[in-house]
1. Conditions first: (1) at pLDDT 65 or above; (2) not assigned by TED's automatic domain parsing to the domain that holds L22. G111 passes all but one, so which condition is the exception?
2. Taking the conditions exactly as written (buried (at least 18 other Cβ atoms within 10 Å of the Cβ) and of a type in the set (G, A, S)), does S19 satisfy them or not?
3. Within the set of pairs 6+ apart or on separate chains, which have a first residue in the range 84-95 that is in the same structural domain as L31 (by TED's automatic domain parsing), a second that is surrounded by fewer than 17 Cβ atoms within 10 Å (Cβ to Cβ), and C-beta atoms under 7 Å apart?
4. Out of all the residues in the range 48-55, is one or more in contact (Cβ under 8 Å) with a residue 40 or more places away in the chain, not assigned by TED's automatic domain parsing to the domain that holds L139 and not aliphatic (A, V, I, L, M)?
5. At pLDDT 95 or above and surrounded by fewer than 20 Cβ atoms within 10 Å (Cβ to Cβ), is that true of R27?
6. Please go through the range 46-60 and pick out each residue that is surrounded by 14 or more Cβ atoms within 10 Å (Cβ to Cβ) and closer than 20 Å to R83 by Cβ.
7. Within the range 89-99, does at least one residue satisfy the condition of being over 25 Å from L76 (Cα atoms) and modelled with pLDDT of 60 or more?
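The values are calculated or read from the model by the stated rules, or taken from the named source; none is laboratory data. Remember, it's a predicted structure, so these values are computed and weren't measured experimentally. Using ideal geometry, Cβ is built from the backbone for each residue, glycine included, and neighbour counts are taken over all protein chains shown.
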Amino acid sequence: MSTNTNNAGRGGPGSETGSPHLTELVRQLKLTYRQAGNPSYRTIIRTTSIGLSTSTISRIFTARKPPKWENLTELLLALGVSREDIKTTWHRLWMLADNEANPLTGTDNAGGELLPAGRRPKDVEVCHRCGAWIADTALHTRWHAGVARGEMSPNEQKSVNVARRRR
């Protein structure tokens, strides 16, 4: 099995789906891969914390649908992208591709009215530890575990502390 990605980028990933946002996400990822020196998949795997497989990495580079955010984040970190760039630039690219692939429908009830700052919808759970509104309990629990293990950047810690002071 080859772990070389010299073919990464051939075949127009994303273009088969007619998804311009996915095409742009994959294009940017391939540029980042090239800037990182075209590391082998095995090299990438050694630097990830969640154990990406070679097939997962290959699927991300030849995406027909947006990858899982967690997998994309790990790949980007392995390619040397800063957490700040991942949170800003890359999350936006991924959200555009994901929203395009999985659009909200009329039954998703996403068109509710905006609430004034500080008010929350009645059916939203609030974290008793940090006060955040919780949309995904498992993800939020993992986030707290990461904070406890010191896996957050200083900027992430700072923004959490600022949010706590505002309450």
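1. (1)
2. yes
3. As it stands, the answer is E84/N155; L93/E24; L93/Q28; W94/W69, since those pairs meet every condition given.
4. Yes, the conditions are met somewhere in the range 48-55.
5. Yes, satisfied.
6. Matches in the range 46-60: T47, T48, L52, I57, I60.
7. no
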